[in-house]
1. How much FRET efficiency would the formula 1/(1 + (r/R0)^6) give for Thr365 and Ile174, where r is the Cβ-Cβ distance and R0 is 35 Å, rounded to 0.05?
2. If you line up the Cα atoms of segment 148-232 on their principal axes, what length do they span on each, largest first, in Å?
3. Can you give me the distance in nm between label points at Tyr227 and Met76, each placed 7 Å from the Cα along the Cα-to-Cβ direction?
4. Which of the pairs Lys65/Lys176; Lys177/Lys313; Lys43/Lys84; Lys84/Lys175; Lys74/Lys176; Lys17/Lys65 have their Cα atoms more than 27 Å apart in this structure?
5. Long-range amide H contacts for Ser181: which residues qualify at under 5 Å (H placed 1.01 Å from N, peptide plane, sequence gap of 5 or more or a different chain)?
6. Run the quick spin-label model on Arg285 and Cys243: label points 7 Å from Cα toward the beta carbon, then report their separation in nm to one decimal.
7. Taking amide H positions as placed in the peptide plane 1.01 Å from N, state which residues far from Phe80 in sequence (5 or more) or on other chains have amide H under 5 Å from it.
8. Quickly work out the Phe403-to-Gln48 label distance, labels modelled 7 Å from Cα along the C-beta direction, and quote it in nm with one decimal.
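Every read-out reported here was derived from the displayed coordinates using simple, explicitly stated rules and does not represent laboratory data. These numbers come from a predicted model, not from an experiment. Neighbour counts are summed over all protein chains in view; Cβ atoms, including those assigned to glycine, are modelled from backbone coordinates with ideal geometry.
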Amino acid sequence: YGGVNLSPEAVKDWHGKWDLIITYPVEVPPDEAEIEHESRAVKHKFEQMRARHHQRLIFIRRMKKCGLIVVKQKSMDESFVMLKITANHKTFEREAARQKIDLPLKDPRQREHLSLKQLIADVGYANFDGTNYHLFTSIDPRFFRSMDRQRLIMSILRGKKWNDGCEIDFEREIKKKVFTSVYPLHTRQGQTYLLDNWLSQHYHQFRQPENTIRDYFGEKLAFYFSYIGFYTHWLTFLAIPGCITFIICFFGKDVGSLDLDHDVTIFYGIYISLWASLFLEGWKRKQVVLAFRFNATDFVQSEDPRPQFKGDKVKGRITKAGLIEFKKMAEISPEDYEKINEYVLWSPPIKRIIKYILGTPIIGTFVLAVIVGTFALLAFKTFLDEKNFSGGAILGSFLNALFIMFMNT
């Protein structure tokens, strides 16, 4: 479990009950009196420890305020603290309704709830709004799948405070050593099913249980393993002619039939070109089918903004045409505008243009420095070779390594 040593009782308690874990090292900040006579470096170290401890307390208060259930537990060696995180059904319901996540319908024939792409794919999905439970099917006793619960919790943890989120940038906090890691938990039921029906030796290696993988790990890994199975299946059509070609070429050398080797090699090269084209087109077709089946055709557009993104808080919606502000819409009165609580983060195009104008000369300068430095190293190596310098190759490689290390910094 994320490199943390847990007792068997703790592991048993976590399966199916908790959804996410955040870890951090055990740190006990000393009192001011205890470090009064210490050096400045030691005092600075303890001040940083105290700041990290204070920041963790702030984050935990935010989590509880946002409706998350948080329980602390130490590892068996008491070197790490785990924050076990889940949420009650009301919190999941609120976040799912805010994100308008798509859930599978009980009866895909309920066409009034389907979009055009869903009708074409014959897959029933609809937006969850917090009240339409009767429309959906669920494979989990807690209604939301384990994967959905983990995504909703991560959305709350990363979301902005003005949008009922905790506003935690885990990349930054891990770098500052406030937290050590954050990771989702397995469920015993899901693990057992995958071990018995996917990872067993009797399961057909070319077929992947795509729907099960998607329900447990998410669309990204489902696409990955589907591609691996599809690619492995198609490699058999390449391996059999390849073995025949190898046998002909290997034994053809013994009988001196060079023309036969040449003809077979050309034929196999043409076959590989055709195989590559057919494989690529076949995967494109399967990828589209999976995207419709997983309801992931607009996956990129439905992603939440990055926590690092800094923009202006605006009442409106972002479309392909840009920002649409509610206050500029004729059908929304000033009184209704004040009641709207739908915000987005928006960075005006003029700000991006200014960043491009200021950043392009800086990037161009560094690119030019790399080009000049590379040519200078090549010229220096050529000079050493012309002078027959005995250690020229070693010196040139050493300078090249130094140049790469310097530019990487």
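1. Calculated value: 0.65.
2. If we take the Cα atoms of segment 148-232, the spans are 49, 28, 26 Å.
3. 3.9
4. Lys177/Lys313; Lys43/Lys84
5. Thr23
6. 2.7
7. HN-HN under 5 Å from Phe80: Val26, Ser75.
8. 3.6
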